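Rule-based calculations on the coordinates, nothing more; no lab input. Worth saying up front: this structure is predicted, and the values here are computed from it rather than measured. Every residue, glycine as well, gets a Cβ built from its backbone with ideal geometry; the counts of neighbours run over all protein chains shown.
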Amino acid sequence: MTVTITPGDVALYQEQGYLVVPDVLSESELDVVRRELAELVDKASEVTANDEVYDLEDSHTRATPRVRRIKSPETVMPSVAALVHHPVLVEILTQLIGPGVRFQTGKLNMKAAGDGSAVEWHQDWAFYPHTNDDLLAVGIMLDDVDEANGPLCVLPGSHRGVIYDHHANGFFCGAIDPIESQIDFSSTLPLMGAAGSMTFHHVRAVHGSAPNRSARSRNLLLFQFAAVDAFPLVHPIDDLARFDQMIVAGEATIEPRVVAVPVRMPLPPAPSQGSIYENQRSMANRFFK
Ligand SMILES: O=C(O)CCC(=O)C(=O)O
């Protein structure tokens, strides 16, 4: 049976800024991804520092590899490259974003059992503002996700609110200060489901996730998608052919749709570069201890 979403799902996404679609991928589709991931994690025993592929937990050693993130997994895992064009996913995206959709990039956030890192509260828009905000992130659950293993949590409705400051000491830090912002985090919701389920969150939705203290891993494959007429403000496009090769639905355009959306540039850049985990090192007050 093919998974579809309903008009009610689209309305929930538009009003609340998130959606969970259960059981999109089959066990056999998941197995291929998990196998390729296991091979990559084994190879992490050859590295001692973050590089183009690996973002490592502080506890990583060559004897006990601890990978926090596979960067751009679509470039090193053929199964992930194929998932970018998964027909059910693309169909859902056209309903949430519109007929023209571009893939931007991927990441595979691993939260190993026992000590998988937290991601502090943030809005993706603070990292990559565009000419309009028809952008979202998809989370593909490679493991069952529940309250215990560090689910991605969202603040419902926050995609229609302000863009919080993501700076500390005058530099971008990729995180919202939980004290200064005065956000009521008791209203946040965990996005949970069985392996193969997908989450969708709007680029302006406040979200984050706690460390994984459970005995089960929480591996989440994340893809960013944008409307074809959303052009980035931070790294302007200089290779149009490459930009347009990333389109998964609809037609290319060189006419950006420009909408009056709040923007605060992620400048000056964070002192620690390489990933959100590195950027967030310089935040003043952590929420997740
Ligand atoms: O892995 C997570 O739970 C959160 C991911 C996220 O928000 C990010 O990497 O930007």
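Exposed loop positions in the chain were taken to be GluC sites (Glu not before Pro) whose DSSP state is not H, G, I, E or B and which have at most 12 other beta-carbon atoms within 10 angstrom. Between these positions, the longest stretch is 53-179. Would you please classify the overall shape of the range 73-175 from the alpha carbon gyration tensor, given that a ≥ b ≥ c denote the square roots of the eigenvalues, rounded means a/c under 1.5, and beyond that prolate means a/b larger than b/c while oblate covers the rest? The shape class here is oblate.
Taking each DSSP H run with n ≥ 4 as -39500 (n - 2.57) and averaging over every residue of the chain yields -5000 deg cm²/dmol at 222 nm. Annotation note: trypsin sites (Lys or Arg not before Pro) in the range 202-248 located in DSSP loop regions with a Cβ neighbour count of at most 13 within 10 Å are R213.
Looking at the range 248-287, the trypsin sites (Lys or Arg not before Pro) that sit in a DSSP loop and have at most 14 other Cβ atoms within 10 Å of their own Cβ are R286. With a/c under 1.5 counting as rounded, go ahead and sort the range 139-289 into rounded, prolate or oblate using the C-alpha gyration tensor (a ≥ b ≥ c being the square roots of the eigenvalues; past the cut-off, prolate if a/b is larger than b/c, else oblate). Verdict is oblate for the range 139-289. Panel order for L25, L240, L233, by other beta carbons found within 10 Å of each beta carbon, from fewest to most: L240, L233, L25. When only alpha carbons are used to place a centre, the range 71-108 and the range 145-216 end up 21 Å from one another. Rounded to the nearest 20 debye, the dipole magnitude of the range 31-105 is 100 debye, with +1 charges on Lys and Arg beta carbons, -1 on Asp and Glu beta carbons, and the Cα centre as origin.
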